[in-house]
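The values are calculated or read from the model by the stated rules, or taken from the named source; none is laboratory data. Quantities reported herein were computed from a predicted structural model and do not represent experimental measurements. Neighbour counts run over all protein chains shown; Cβ positions are idealised from the backbone, glycine included.
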Amino acid sequence: MPDLKDIALRRIDGSSGSLADYAGQVVLVVNVASKCGLTPQYESLERAYTAHKADGLVVLGFPCNQFRDQEPGTEADIQEFCTTTYGVDFPLFSKVEVNGPERHPLYEALVTAAPTALEKPDGQMRERLAKHGVVSENGDILWNFEKFLIGRNGSVAGRFAPDVSVDEKPLSEAIAHELGRPG
């Protein structure tokens, strides 16, 4: 398994990069989609990024169309939507697959490091998805907006279910802890 920082990434504008570009920062990796019931999370993600980027937080958005075709647009469409609808300024990357045989190496490494996501105690999201035939297995990403928190040391510090917003406990507390600030 390659080191997280060495995994090649392609930004939404087509330029190359890797997580090494964010060395020493606290990184929140999120698979995103423009036509999902959770899409309004872009607002809280951008708020958190703006509020804490000076402290070392960076949010990285990875569009994914694997969940009921909820990210069907081109990368230019995605960039425009995120910028004009939600004022997204945090880095966005090219579309990736987060599950299955074509899973991006970044997500393979993240899922290996954190096989299960911390879910809300009520578990309603998983139940609602199951009613629609969506079942996650073997550490797969459950849905759009699942989040991985990577500490300044480059290790995965946590994985959070899609319906856990960045401004809710325990994710907000985990970010504060990784930033070295009180929650």
Kindly indicate the residue of the range 173-183 that is in a helix (DSSP H, G or I) and free of Cβ contacts under 8 Å to residues at least 40 places away in the same chain and also surrounded by the fewest Cβ atoms within 10 Å (Cβ to Cβ) among those meeting that condition. E173
Looking at E168, E173, which one is touching a Ser or Thr at 6+ places or on another chain (Cβ under 9 Å), modelled with pLDDT of 85 or more, over 19 Å from P63 (Cβ atoms) and of a type in the set (D, E, K, R)? E168
Just need a number here: residues in the range 133-153 that are among the hydrophobic types (A, V, I, L, M, F, W, C) and farther than 26 Å from H177 by Cα. 2
Would you call S136 closer than 22 Å to F62 by Cβ, at pLDDT below 95 and crowded, with 16+ Cβ neighbours inside 10 Å? yes
Would you tally the residues in the range 99-126 being at pLDDT 80 or above and closer than 13 Å to P162 by Cα? 6
Just to confirm my filter: which strands (runs of 3 or more DSSP E) fall fully inside the range 1-54 and include at least 3 residues that are surrounded by 15 or more Cβ atoms within 10 Å (Cβ to Cβ)? 26-32
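Can you find, within the range 61-106, the residue that is surrounded by the fewest Cβ atoms within 10 Å (Cβ to Cβ) among those that are among the hydrophobic types (A, V, I, L, M, F, W, C) and assigned to a helix (DSSP H, G or I)? Reasoning before the result, please.
At the first step, the residues of the range 61-106 found to be among the hydrophobic types (A, V, I, L, M, F, W, C) are 62, 64, 67, 76, 78, 81-82, 88, 90, 92-93, 96, 98, 106.
Now drop any that are not assigned to a helix (DSSP H, G or I), which leaves 76, 78, 81-82, 106.
Numbers: A76: 10, I78: 24, F81: 18, C82: 23, L106: 22.
For the range 61-106, the residue satisfying everything is A76.
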